[in-house]
Amino acid sequence: MATLHVLSHSPFTDSRLSSCLRILGSQDALLLCGDAVYALQDGSAQRQALELMPENIALYALNEDVQARGLLCPTRLKQVDYPGFVALSCQYDKVNTWL
Amino acid sequence: MKFAIALFSPPHAPSSRRALRFAQAALAGGHEIVRLFFYQDGVHSTSSNVVCAQDEVDLPREWREFVQTQQLDGVVCIAAALRRGVLNDDEAQRYSRTAANLDAPWELSGLGQLHEAAQLADRLVCFGGP
Amino acid sequence: MSKSLLIISRQAPCSGPGAREALDIALAGGAFDLPIGLLFLDDGVFQLSSAQQPATLQQKDLSANLQALPMFGVEALYVSQRSLAERGLQDQPSSLAVERLDDSSISALIDRYDQVITL
């Protein structure tokens, strides 16, 4: 079973991302949206933590949130639009949004 | 795929718009939405009393039109709604409140409807927070 | 066969309706005889403290609702070992019989459920 974890809180003010990273399964994936895309901020410890995640953890971000904040994504991250978000929710066995 | 979509945030939260865009994309992609369930602050996304500036997205109206046009099942948790002052005519009368702010197409019901939707759907997708 | 649902409760007990509303999802699921699991994670572990007195804040005590979980058939109750340790609660008695899990066991737990709600 592989889970798509969805995060929308800024990792600088909130512990959801760090909690999530601790309990990720080996086939799980992360989708960053809303303020969670700030985890991609260059030079941040959060960005480093994401880049250090094992290769088998897929990393996604909602494109409108990345663009709205003027962020640059690491090469391992795939930006998705809403149809892409829907496709991911079908591809993974379940979706766990950190509300 | 069959989706159950649950919203936990109010209309001014970006996640409310995100949930709507996801739901629209799901239908556009040929999927089915078994139910939309509004819980916690998500009940505010169904209020008829939210006033949006002319140059802003009117999410409660968009949600309402989406459910009506697509003939979807839009359920609002009654306990969460009462606690937050979102009442339909019946509840406003029952509790002697001066105003009702929940209209069609929204239905007030219990958490059983969330569980039923989760059982019927292939995927339960929740939206909340920022 | 019914789909199983894991609820991950992360809110502290006195900080608004979050903890109560997470619990309500679990109880409702139990009332419908569904396979429900409940994991207390991050600040959610504070809900298990037997020392709390929410009446001081004119708030309802969630302990009664928590004790009702097994009666509603919700017996798969878990708590994050790490969250307890981070908050100095690892040696405190819990108000509820819960299984302590480390991070990799939590990962395996999430895997076993068909659906998850983390609130």
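Determine the relative contact order of chain C: mean sequence separation of Cα pairs under 8 Å and six or more apart, normalised by residue count, in whole percent.
36 percent.
Where Lys and Arg each count +1 and Asp and Glu each count -1, what net charge lies around residue A:27 among other residues with Cβ under 10 Å from its Cβ?
With Lys, Arg at +1 and Asp, Glu at -1, the net is -3.
So which trypsin sites (Lys or Arg not before Pro) in segment A:9-86 are both in a DSSP loop and have at most 16 other Cβ atoms within 10 Å of their Cβ?
A:69, A:76
Pick out, in residue order, every one of the GluC sites (Glu not before Pro) in segment C:17-104 that is DSSP loop and has at most 16 other C-beta atoms within 10 Å; say none if there are none.
C:75
Within 10 Å of each residue's Cβ, count the other Cβ atoms and sort B:34, B:43 from fewest upward.
B:34, B:43
Testing the spin-label approximation: label points 7 Å from Cα along Cα→Cβ at residue B:91 and residue B:52. State their distance in nm.
With each label placed 7 Å out from Cα toward Cβ, I get 2.2 nm.
Nothing charged except the Cβ atoms of Lys and Arg (+1) and of Asp and Glu (-1): what's the magnitude of the dipole of the protein assembly as shown about its Cα centre? Round to the nearest 20 debye.
Computed charge dipole of the protein assembly as shown: roughly 200 debye.
Using the crude model of +1 on Lys and Arg Cβ and -1 on Asp and Glu Cβ, and no other charge, please compute the dipole size for chain A relative to its Cα centre, in debye to 20.
Rounded to the nearest 20 debye, it is 140 debye.
Positive end of the dipole of chain B, charges at C-beta (+1 Lys, Arg; -1 Asp, Glu), about the Cα centre: which of B:3, B:87, B:101 has its Cα farthest in that direction?
Of B:3, B:87, B:101, it is B:3.
List every residue whose amide H lies under 5 Å from the amide H of residue B:124, counting only residues 5 or more places away in sequence or on a different chain, with H placed 1.01 Å from N in the peptide plane.
Placed amide hydrogens put A:95, B:4 under 5 Å from residue B:124.
Starting from the Cα of residue A:52, move 7 Å in the Cα-to-Cβ direction to define the label point; list residues of segment C:93-115 whose amide nitrogen is under 19 Å from there.
C:103-104
Mind checking Rg over Rh on the protein assembly as shown, alpha carbons, Kirkwood formula for Rh?
Rounded to two decimals, Rg over Rh is 0.95.
What is the ratio of the Cα radius of gyration of segment B:2-85 to 2.2 N^0.38 Å, with N the residue count, to two decimals?
1.03
Loop-only GluC sites (Glu not before Pro) in segment B:35-130, please: DSSP not H, G, I, E or B, and at most 15 other Cβ atoms within 10 Å.
Those that pass, being in a loop and sparsely packed, are B:56.
Hey, what number do you get for chain B at 222 nm if only DSSP H runs of n ≥ 4 count, each worth -39500 (n - 2.57), divided across all residues, to the nearest 500?
For chain B, the value works out to -10500 deg cm²/dmol.
Specify the inter-centroid distance of segment C:5-57 and segment A:4-45, based on alpha-carbon positions, in whole Å.
Each part reduced to its Cα centre gives a spacing of 23 Å.
Give me, ordered by chain and number, the residues 5 or more places off residue A:78 or on other chains with an amide H under 5 Å from its own placed amide H.
Residues meeting the amide H criterion: A:59, A:60, A:61.
Among B:50, C:116, A:6, rank each residue by its count of other Cβ atoms within 10 Å, from fewest to most, as a rough exposure measure.
In order of increasing Cβ crowding within 10 Å: B:50, C:116, A:6.
Please compute the Kirkwood hydrodynamic radius over chain C, one decimal place, Å, based on all pairs of different Cα atoms.
Over chain C, the inverse of the mean reciprocal pair distance is 14.3 Å.
Could you give the dipole magnitude of chain C about its Cα centre, charging the beta-carbon of Lys and Arg +1 and that of Asp and Glu -1, in debye to the nearest 20?
For this selection, approximately 160 debye.
If a/c stays under 1.5 just call it rounded; otherwise compare a/b with b/c (prolate if a/b is bigger, oblate if not). Do that for segment A:3-98, with a ≥ b ≥ c from the square roots of the Cα gyration tensor eigenvalues.
rounded
Bear in mind that the values in this text are calculations on the coordinates, not laboratory data. Small disclaimer: the values here were computed from a predicted structure and weren't measured. Every residue, glycine as well, gets a Cβ built from its backbone with ideal geometry; the counts of neighbours run over all protein chains shown.
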